[in-house]
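The block underneath contains the structure these notes are about, expressed in structure tokens.
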Amino acid sequence: MLPEYDVVVVGAGHAGCEAASAAARLGSKVLLVTMNMNTIAQMSCNPAMGGVAKGQIVREIDAMGGLSGIVTDETMIQFRMLNTSKGAAMWSPRAQSDRMRFAENWRMKLEAQPNIDFWQDNVVGLLLTGEAVRGVKTSLGVEISAKTVVITAGTFLNGIIHIGEKQLGGGRAAEKASVGMTEQLRSLGLTADRMKTGTPPRVDGRSLDYSRMEEQQGDAAPGKFSYTATKPLAEQRSCWITYTNETAHDILREGFEKSPMFQGRIQGRGPRYCPSIEDKITRFADKDRHQIFVEPEGWNTCEMYVNGFSSSLPEEVQLRALQQLAGFENARMFRPGYAIEYDYFPPTQLHPSLESRAVKGLYLAGQINGTTGYEEAACQGLMAGLNAHRAVQHQEAVVLQRNDAYIGVLIDDLVHKGTDEPYRMFTSRAEHRLLLRQDNADERLTPIAHRLGLADDARLAALEHKQAETKHLLKWLHQESITPAEANPYLVSAGSATLNQSCKVEVLIRRPQVTLHALQNAVEKVGEELQKFASESIAQAEIQLKYGSYLEKEAATVERVELMENRRLKDRLDYGAIKALSHEAREKLLRVQPETLGQASRIMGVSPADIAILLIHLERAAPLAQS
Ligand code: FAD
């Protein structure tokens with residue numbers, strides 16, 4: 001009934017949407033099979049994109065030609081750049097999106113791609129020829145032929161929802177679980193395990209008293225995620241802040257006897273950095289209050305997301321505790337919070353291309369690989385879609401390195417170290433985070449994406465324009481002088497030493513207290529000149545001046561590390577015969593078969609001593625100059 005496809009993508013969450021879109025843009029004939037076409041690109045939890053390290057990932061997806069950044073820009077209701085008091089490497093964009101528009105926008109973008117077909121159904125297993133995939137079969141009994149399959153089933157595999165003592169089968173509230181797939185993949189030799197996550201209640205915004213909360217507005221000059229010509233927000237919606245208190249904590253504690261977590265009904269491990277409210281009041285028992293962000297779910301809905309109050313206690317306990325919070329005295333609940341347990345496949349079973357080691361042509365991406373978060377899922381989807389397409393074309397897989405992108409860090413961590421708790425990205429996971437900034441994702445990745453065919457000519461042209469502008473501006477800042485009369489009033493207000501004689505503008509910009517933005521407003525001639533440049537070029541010039549020497553040092557470190565990192569290991573050594581290796585290292589190396597020495601060094605259980613032994617054996621096999 002259906003034709004043969006190059007790539008079948010199972011699941012239309014964040015990973016599935018990026019996977020289908022990437023493969024289709026490259027020219028593959030794609031089928032997107034999903035259980036419910038009304039929930040394409042559904043934000044299961046908070047309708048927010050970005051945040052610390054996650055914002056960098058969205059910028060990277062965009063620089064690679066992906067769509068998550070554009071969809072976010074077109075549907076956001078508030079934008080904030082986080083961590084601006086810290087160095088540029090820590091700046092992280094975050095947006096609150098309109099949940100319904102986000103999903104609709106993604107669907108429209110997918111429907112606009114002629115290479116994508118859609119099929120609403122539940123995939124229950126793979127079709128195989130030997131150890132290679134040849135398609136999928138569905139609960140309607142349809143068999144669909146495909147050269148490659150990308151599974152992005154999120155939290156749906158054998159999902160169980162917990163609210164107090166109630167347990168319901170489901171992949172998300174009001175959606176069915178996916179049953180059958182785990183069992184088949186297990187029979188093919190893959191191992192699966194359980195994880196859990198949770199979500200807070202949603203409340204009726206009309207029942208809240210905002211005068212009793214703190215207002216949190218968006219940035220005065222909102223930024224955006226995409227390097228394309230999407231428009232920044234002209235208008236924004238505010239979020240609100242309130243706090244829990246002792247009375248609320250007492251009510252929550254009363255519910256502990258019905259808690260699925262504390263009574264041992266939930267076995268899977270949850271996200272350490274996104275704990276439930278019951279977890280927080282237990283782990284931080286000395287804190288008498290916790291901050292709660294009250295966030296609108298869209299432009300035209302009164303539904304509010306209660307960020308920080310994730311819970312799986314009985315719904316009446318959740319409501320009674322919520323009603324103790326300032327502004328929530330008369331709160332009405334639309335949906336209770338809940339926890340969900342689901343199957344995931346430990347990602348060490350994957351190649352760095354995200355292809356399964358056990359089944360040729362099968363790719364896994366997103367939460368199914370043990371991650372948490374839309375951004376983490378979306379970037380894996382993009383890479384899996386890209387590599388599935390390349391496999392169909394008999395081209396080599398593309399693997400981003402740890403010094404290319406957070407995406408490289410994430411996939412490298414997953415496939416080499418694995419994870420036994422939901423993996424979310426942090427800046428601390430990236431050893432070269434100074435280079436992996438949100439402002440330069442286009443420089444790092446768009447040339448690569450353009451070569452691969454993922455990013456179009458317009459994207460490359462936009463990057464080249466930005467680079468030319470930055471160069472031009474740096475030249476002006478290098479040549480132009482500023483007099484004490486021009487600079488001193490501003491320097492006094494900025495708490496920076498005044499000038500006795502004229503100096504070059506670039507010298508002033510290197511001072512930590514001085515910013516180009518402030519100088520632009522304070523000194524007429526700087527203001528006049530900067531008007532000619534886009535804000536992204538101005539930011540780039542400033543970063544290069546302020547952090548130039550650190551960036552050069554970091555680049556030199558990357559070069560040194562790369563020498564070791566890129567020494568090829570695969571098929572060069574017989575680990576079983578190297579007796580000096582620890583038993584654990586030998587076993588892991590045999591199982592993972594790392595491509596390079598760098599990858600071997602990140603396998604859990606392979607120690608620096610084991611790496612030194614491998615180096616000696618590599619030198620014997622092929623000295624550095626030849627490898
Ligand atoms: P999903 O977005 O889950 O999408 C999976 C898709 O696959 C769905 O469209 C589904 O219909 C489809 N599907 C599944 N099985 C099949 C099948 N057999 N056949 C056809 N289609 C199938 N992330 C955070 O960053 N912070 C949070 O606080 C947070 N809380 C969460 C709370 C809850 C309750 C849930 C469910 C998720 C939460 N997440 C949170 C995680 C975030 O939602 C996911 O990381 C992200 O959505 C994963 O994207 P994905 O594409 O991998 O899967």
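Quick notes on this structure:
- For region 1-73 versus region 263-340, the gap between their alpha-carbon centres in whole angstrom: 28
- DSSP beta bridge pairing in the chain, given as percent antiparallel to the nearest 5: 70
- Distant-in-sequence amide H partners of residue 364 (H built 1.01 Å from N, under 5 Å): 151, 356
- Trypsin sites (Lys or Arg not before Pro) within region 443-494: DSSP coil, no more than 14 neighbouring Cβ in 10 Å: none
- Estimated dipole of region 289-384 in Debye, rounded to 20 [Cβ of Lys and Arg +1, of Asp and Glu -1, Cα centre]: 140
- Under-5 Å amide H pairs with residue 48, H placed in peptide plane, nonlocal only: 97
- Sequentially through region 506-517, phi angles give Karplus couplings (6.51, -1.76, 1.60; θ = phi - 60°) of 4, 5, 5, 5, 6, 5, x, 7, 9, 10, 5, 4 Hz, Gly and Pro residues having no value and appearing as x.
- Positive-pole candidate from 1, 75, 55, dipole of region 1-139, charges at beta carbon: 55
- Members of 224/525; 196/258; 196/360; 471/525; 54/475 lying beyond 22 Å, as alpha-carbon distances in this model show: 224/525; 196/360; 54/475
- ³J(HN,Hα), Karplus 6.51/-1.76/1.60, whole Hz, each residue of region 179-196, x for Gly, Pro: 10, x, 5, 4, 4, 5, 5, 4, 5, 8, x, 7, 9, 10, 9, 10, 10, 9
- Residue-averaged [θ]222 nm for the chain, counting only DSSP H segments that reach four residues, each worth -39500 (n - 2.57): -11000 deg cm²/dmol
- Principal axes of region 485-627: Cα extent on each, largest first, Å: 75, 28, 26
- Normalising the average separation of contacting C-alpha pairs (under 8 angstrom, six or more residues apart) by the number of residues puts the relative contact order of region 257-356 at 24 percent.
- Short-range pairs are left out: with C-alpha atoms under 8 Å and at least six residues apart, the relative contact order of region 336-412 is 25 percent.
- Additional length obtainable on full extension of the chain from residue 360 to residue 534, 0.36 nm per residue less Cα span: 58.0 nm
- Here each label is just a point 7 Å from Cα along the line to Cβ, and for residue 451 and residue 501 those points are 4.8 nm apart.
- Value of Rg to Rh for the chain, rounded to two decimals, is 0.99; Kirkwood radius and Rg both from alpha-carbon coordinates.
- Short-range pairs are left out: with C-alpha atoms under 8 Å and at least six residues apart, the relative contact order of the chain is 16 percent.
Any read-out appearing in this document is the output of simple, stated calculations on the displayed coordinates, not a laboratory observation. Only a predicted model underlies this, so the values are computations on that prediction, with no experimental measurement involved. Virtual Cβ from ideal backbone geometry, glycine too; neighbours counted across all protein chains shown.
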